[in-house]
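The values are calculated or read from the model by the stated rules, or taken from the named source; none is laboratory data. Because the structure is a prediction, the values reported are computed rather than measured. Neighbour counts are summed over all protein chains in view; Cβ atoms, including those assigned to glycine, are modelled from backbone coordinates with ideal geometry. The area values use the complete protein model at the heavy-atom level, side chains included, leaving out ligands, DNA and RNA. Shrake-Rupley method; radii C 1.70, N 1.55, O 1.52, S 1.80 Å.
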Amino acid sequence: MNLNFLGKVIIRSTIEVKTGMRIGGSTGGLKIGGVDLNVITGPRGRPYIPGSSLKGKMRSLIEKKEGVIYNKLDKENKPYKHECEDDSSYNNCAVCRIWGILGGANFTVPTLTRLIVCDTYLDETSITEEMKDNLELKWTEVKFETAINRITGTALHGSLRQAERVPAGAVFKDSEIIFNVFDETDKDLLKKVFIAMELLEHDYLGGMGSRGYGRISFNNLEVYWNKKVDYENGHIDLKSERKINNDWDTPAKLVENFEALKAKLS
Ligand SMILES: [Zn+2]
């Protein structure tokens, strides 16, 4: 396979938190008065969504949908993840071509990651004064959580913990997902990125999803196509004429209209 970089698709959105979300940071006791389970925060003390969390969750959802084989074993010889191990499986594996692989020793084809997911920061204005009145901490709420015995349905003794959550209604702004197009066949792969976003809207981000945490939606989606020549000419601003998603502003609409969107990647 020859690589012939064609351009980058830039997917911008705002991420709205629909139910309290906890993406874990350092646990407990590091800060005075700290809660047991912190949310991850950036240098300015605001919660953020690490690109690695978002990217990893999207990958795990598409892996389940595609039915890939979990071929990598953990220390106890239990399969725990999928990663292609040779050229022929890699060339036919959308997941590894999009999301990348860590190892590379057995490959003769280039194994470049197509997907880059950036960290996304809290829009502080989304935490309204009314919400602040009800928050235990400046940007977050604190809930008591218990571990439940699955057999008896009762709380395990001594399992009460404080868990910090980003409240419902919070918005993370200027989310950016970048998809590199290295050859013509990559254009079809882009659809799976939108499908992963669609799946995530019906799943959860962060911890304790089975208790209803972490529902999110991607809002105000904008998709731009920056081709190779735009970079060669220094014209990399996201200009309106490069916006290719018409009024398809949700993952579902992008999936539904994918062929029309793909036709604009020229
Ligand atoms: Zn694979």
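Using the structure shown, decide if residue 121 is open to solvent by 80 Å² or more (accessible area, probe 1.4 Å) and at pLDDT 90 or above. Before you say what the answer is, go through the steps one by one.
Details: open to solvent by 80 Å² or more (accessible area, probe 1.4 Å): yes; at pLDDT 90 or above: yes.
Against the criterion (open to solvent by 80 Å² or more (accessible area, probe 1.4 Å) and at pLDDT 90 or above), residue 121 qualifies.
Please find, within region 70-87, the residue that is farthest from the chain's Cα centre (by Cα) out of those that are within 11 Å of the ligand (Cβ to nearest atom) and either open to solvent by 40 Å² or more (accessible area, probe 1.4 Å) or of a type in the set (A, V, I, L, M) (or both). Walk me through it before giving the result.
Taking region 70-87 and keeping what is within 11 Å of the ligand (Cβ to nearest atom), we get 70-72, 81-86.
Now restrict to residues that are either open to solvent by 40 Å² or more (accessible area, probe 1.4 Å) or of a type in the set (A, V, I, L, M) (or both): 70-72, 81, 85-86.
Details: 70: 20, 71: 23, 72: 22, 81: 17, 85: 24, 86: 27 Å.
Checked region 70-87; the qualifying residue farthest from the chain's Cα centre (by Cα) is 86.
Quick one: what pairs do we get from region 168-186, first residue hydroxyl-bearing (Ser, Thr, Tyr), second open to solvent by less than 50 Å² (accessible area, probe 1.4 Å) and at pLDDT below 95, C-beta under 8 Å, 6+ apart or different chains?
Correct list of pairs: empty, since none qualify.
All but one of (1) without any contact (Cβ under 8 Å) to a residue 40 or more places away in the chain; (2) more than 14 Å from the ligand (Cβ to nearest atom); (3) more than 30 Å from residue 135 (Cβ to Cβ) hold for residue 60, so report the exception by its number.
Among (1) without any contact (Cβ under 8 Å) to a residue 40 or more places away in the chain; (2) more than 14 Å from the ligand (Cβ to nearest atom); (3) more than 30 Å from residue 135 (Cβ to Cβ), residue 60 violates only (2).
Can you name the number of the only condition in (1) in contact with a strand residue (DSSP E or B) (Cβ under 7 Å, 6 or more places away or on another chain); (2) over 26 Å from residue 17 (Cα atoms) that residue 126 fails?
Answer for residue 126: the failing condition is (2).
What pairs can you find where one residue is in region 110-130 and within 24 Å of residue 196 (Cβ to Cβ), the other is open to solvent by less than 70 Å² (accessible area, probe 1.4 Å) and acidic (Asp, Glu), and their Cβ atoms are less than 6 Å apart, with a gap of 6+ or different chains?
So the pair list comes out as 118/176.
Consider residue 4 against the criteria (1) of a type in the set (S, T, N, Q); (2) touching a strand residue (DSSP E or B) at 6+ places or on another chain (Cβ under 9 Å); (3) closer than 30 Å to residue 241 by Cβ: it satisfies all of them except one. Which criterion is unmet?
The single condition residue 4 does not satisfy is (2).
Tally up the residues in region 183-199 that are open to solvent by 30 Å² or more (accessible area, probe 1.4 Å) and not hydroxyl-bearing (Ser, Thr, Tyr), please.
Filtering region 183-199 down to residues open to solvent by 30 Å² or more (accessible area, probe 1.4 Å) leaves 184-185, 188, 191-192, 198-199.
So of that shortlist, the ones also not hydroxyl-bearing (Ser, Thr, Tyr) come out as 184, 188, 191-192, 198-199.
Here the count works out to 6.
Please go through region 243-266 and pick out each residue that is open to solvent by less than 50 Å² (accessible area, probe 1.4 Å) and in a loop (DSSP other than H, G, I, E, B).
Of everything in region 243-266, those that are open to solvent by less than 50 Å² (accessible area, probe 1.4 Å) and in a loop (DSSP other than H, G, I, E, B) turn out to be 244, 245, 248, 250, 257, 265.
Output yes when any residue across region 88-99 is within 23 Å of the chain's Cα centre (by Cα), of a type in the set (Phe, Trp, Tyr), surrounded by 13 or more Cβ atoms within 10 Å (Cβ to Cβ) and within 26 Å of residue 45 (Cα to Cα), and no when none is.
No, because not a single residue in region 88-99 is within 23 Å of the chain's Cα centre (by Cα), of a type in the set (Phe, Trp, Tyr), surrounded by 13 or more Cβ atoms within 10 Å (Cβ to Cβ) and within 26 Å of residue 45 (Cα to Cα).
Please go through region 98-110 and pick out each residue that is within 10 Å of the ligand (Cβ to nearest atom) and more than 14 Å from residue 58 (Cα to Cα).
Residue satisfying the conditions is 101 alone.
Among the residues of region 200-213, how many are modelled with pLDDT of 95 or more and open to solvent by less than 60 Å² (accessible area, probe 1.4 Å)? Please lay out each step first, then the result.
In the first step, residues of region 200-213 are kept if they are modelled with pLDDT of 95 or more; the result is 200-205.
Now restrict to residues that are open to solvent by less than 60 Å² (accessible area, probe 1.4 Å): 200-201, 203, 205.
The total comes to 4.
Sort out which residues of region 12-65 are of a type in the set (A, V, I, L, M), modelled with pLDDT under 95 and under 23 Å from residue 115 (Cβ atoms), and write them in order of number.
First, the residues of region 12-65 that are of a type in the set (A, V, I, L, M): 15, 17, 21, 23, 30, 32, 35, 37, 39-40, 49, 54, 58, 61-62.
Now restrict to residues that are modelled with pLDDT under 95: 23, 30, 32, 35, 37, 39-40.
Scanning region 12-65 gives 23, 40.
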